[in-house]
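First up is the structure itself, then whatever we jot down about it.
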Amino acid sequence: MPSSASDHSADWLALDQQLCFALYSASLAMTKRYKPLLEPLGLTYPQYLAMLVLWETSSVSVNELGKRLGLDSGTLTPLLKRLDAAGLIVRHRDAADERRVLIELTEAGRNLKERAQPIPQAAVCQLGMEMDEISALRESLQNLKNKIR
């Protein structure tokens, strides 16, 4: 935020001065970096994120997954349908609460985790950053996300 009276309000409208654009363009660039790494697994970047959650928990409700990923049901439903069609997950109603849809990994979905193991390190190596820099950046972004919420 400019702190002196000599700063011009027009500077606030310069694209390169926008925090939102820096975050947006960095996100797009990172997603592009992941694409060739994920193609051999047959996953898109959003599908990969969903699989990361499932590899942590093995079973999760659609609502919980949406909250964890920050995705609405309109985005999540087609993504889950494609993962289901690929044989990586199954969806079913919760016996205790029919309103809840649970997602579980299939054996193929669990087995895919092994093939995905090298992806995070490969993505990090492409950045040319040290691990302490990456950790500090991730922490800063998480703090920013928490402040925005």
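The values are calculated or read from the model by the stated rules, or taken from the named source; none is laboratory data. Not measured: the values here are computed from a predicted model. Virtual Cβ from ideal backbone geometry, glycine too; neighbours counted across all protein chains shown.
Does Tyr24 satisfy the condition of being farther than 13 Å from Ile103 by Cβ and surrounded by 14 or more Cβ atoms within 10 Å (Cβ to Cβ)? Don't jump to the end; show me each part of the working.
Details: farther than 13 Å from Ile103 by Cβ: yes; surrounded by 14 or more Cβ atoms within 10 Å (Cβ to Cβ): no.
No, not satisfied.
Output the number of residues of segment 38-85 satisfying the condition of being of a type in the set (Phe, Trp, Tyr) and within 16 Å of Leu105 (Cα to Cα).
Quick first cut of segment 38-85, residues of a type in the set (Phe, Trp, Tyr) only: 45, 48, 55.
Cutting the leftovers down to within 16 Å of Leu105 (Cα to Cα) gives us 48, 55.
The number of residues fulfilling the criteria is 2.
Consider Gly66 carefully, then state whether it is exposed (fewer than 14 other Cβ atoms within 10 Å of the Cβ), modelled with pLDDT of 95 or more and in contact with a helix residue (DSSP H, G or I) (Cβ under 7 Å, 6 or more places away or on another chain). Walk me through how you get there before you give the answer.
Values: exposed (fewer than 14 other Cβ atoms within 10 Å of the Cβ): no; modelled with pLDDT of 95 or more: yes; in contact with a helix residue (DSSP H, G or I) (Cβ under 7 Å, 6 or more places away or on another chain): yes.
Here the answer is no, as Gly66 does not meet what is asked.
So which pairs qualify, if the first residue must be in segment 56-67 and closer than 21 Å to Lys113 by Cβ, the second must be assigned to a loop (DSSP other than H, G, I, E, B), the Cβ gap must be under 6 Å, and the two must be at least 6 apart or on different chains?
Ser61/Arg100
Before we move on, is Met51 surrounded by 13 or more Cβ atoms within 10 Å (Cβ to Cβ) and within 24 Å of Leu144 (Cα to Cα)?
Numbers: surrounded by 13 or more Cβ atoms within 10 Å (Cβ to Cβ): yes; within 24 Å of Leu144 (Cα to Cα): no.
In short, no.
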